[in-house]
Amino acid sequence: ISCNKDGDSSEETFGGERNFVKYFGYSSTSLDYKTQTMPNTMMTWPPAEVDLWLTLPDSILLHVFSFLSSKEVVKAGFTSKKWHRVSLDDLLWKAMLYSEFSVARTIPMAPLKASWRSEFRRLHYLSPVVLTETLKEHTDQVLHVSFSHNGKMFASSSKDGFIKVWNVSWPCQVKYSADMKKHKWKYTQFSQFNSLDTLLLVSGVHFGPHSTSGEIAVFSLQDEFMLQARVLNKPYDIFGTWLDDAYLLSGNLHWLGDSTCSVLWLNKATQEVDSEQVSVVMRLFRFRNFNSSTIRMVTVADCSRFLTNTAATANALRCAGPCKPISEEETPCSSTYAMNTVESQPV
């Protein structure tokens, strides 16, 4: 290193005082020009080469990551903090979700979901990805599959008129099966286990080219799949649902001049053998339909945890009383067992 008498570095060698400080960490004026020695300090030399991958803009990194699989993107995120931040880009995971799960790009994000990355994780970890076997016991299209609450059984409804209950095992085996065509059903369309998994609700459609009526059947899962009850259901796409472990809801539709009346019925899930064709029911609600609107589906939710006045709730349930049998000849819309009348709005 050559220095002049004043202790300044050569302009040709270092490009001035500023570059000297940058490369050596101290000023050239601190040199002892008499003895031509440097201070006892640690010298920091510039890196031999710069890693260009770590200096790439985010837009170029995203373009590179778009050619990688989801596993490769996750591994790349462990390289540096910058790569990890870029690997979490939501639009990048949106593109990978559409490509890896073969989802049409016209399908938007599921309701109440916040990010595409969380949706990718949900589909990756919770969706079945391995085909273990093909079930061929049904001879026609399967319309609905429901699972028991304990996860040990599932039921399948089909256009072949059968309802089948399967054991969740490998391989899957049919535990119970019933042909509903002998009850004048066209096909089975819906099933639901009660909360104890002791009864199975099955909904179906009656025969007839213009038939809108259906029926609900209840089977016991403890007594060799014995038929416990049969309940008329109209229109058939109300399906029906469990109110609790012993009672279920069904629907009916009646004409009232220029409008219709939808009725919800409370039905007992078990009947005496001698009165199989007579339902033990009680009407709960009437809905006056306007503009050709009808009740098409019924669901039940437990809202007791949102109620603050428990005494009023208990009194309301006590006033409802037990179910009472009624005859089919009784006019449903003038029954004395009606509890409430609600006007429905067009759907």
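Scanning segment 93-146 for residues that are touching a helix residue (DSSP H, G or I) at 6+ places or on another chain (Cβ under 7 Å), part of a loop (DSSP other than H, G, I, E, B) and either of a type in the set (A, V, I, L, M, F, W, C) or open to solvent by 90 Å² or more (accessible area, probe 1.4 Å) (or both) gives PHE101, VAL103, ARG105, MET109, ALA110.
Say we look at segment 181-239 and pick out the residues that are of a type in the set (A, V, I, L, M, F, W, C) and assigned to a loop (DSSP other than H, G, I, E, B); which of these is surrounded by the most Cβ atoms within 10 Å (Cβ to Cβ)? The selected residue is PHE239. Taking segment 240-251 as the range and being open to solvent by less than 40 Å² (accessible area, probe 1.4 Å) and part of a strand (DSSP E or B) as the test, the residues that pass are THR241, TRP242, LEU248, LEU249, SER250, GLY251.
Scanning segment 78-92 for residues that are surrounded by 17 or more Cβ atoms within 10 Å (Cβ to Cβ) and either in contact with a His (Cβ under 8 Å, 6 or more places away or on another chain) or of a type in the set (A, V, I, L, M, F, W, C) (or both) turns up TRP83, VAL86, LEU92.
Yes/no matrix, rows are residues, columns are (1) within 30 Å of the chain's Cα centre (by Cα); (2) over 28 Å from SER304 (Cα atoms):
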{"position": "GLU224", "(1), (2)": "no, yes"}
{"position": "LYS234", "(1), (2)": "yes, yes"}
{"position": "THR241", "(1), (2)": "yes, no"}
{"position": "ASP244", "(1), (2)": "yes, no"}
{"position": "LEU249", "(1), (2)": "yes, no"}
{"position": "TRP255", "(1), (2)": "no, yes"}
{"position": "ASP258", "(1), (2)": "no, yes"}
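Filtering segment 157-177 down to residues that are open to solvent by 20 Å² or more (accessible area, probe 1.4 Å) and either part of a loop (DSSP other than H, G, I, E, B) or among the hydrophobic types (A, V, I, L, M, F, W, C) (or both), which residue is nearest to PHE193 (Cα to Cα)? Out of the qualifying residues, it is VAL168.
The values are calculated or read from the model by the stated rules, or taken from the named source; none is laboratory data. Because the structure is predicted, anything quoted here is derived from the model rather than measured. Positions of Cβ are generated from backbone atoms using ideal geometry, with glycine treated the same way; all protein chains shown enter the neighbour counts. We work out accessible area using only protein heavy atoms, side chains counted, and drop any ligands, DNA or RNA first. Shrake-Rupley method; radii C 1.70, N 1.55, O 1.52, S 1.80 Å.
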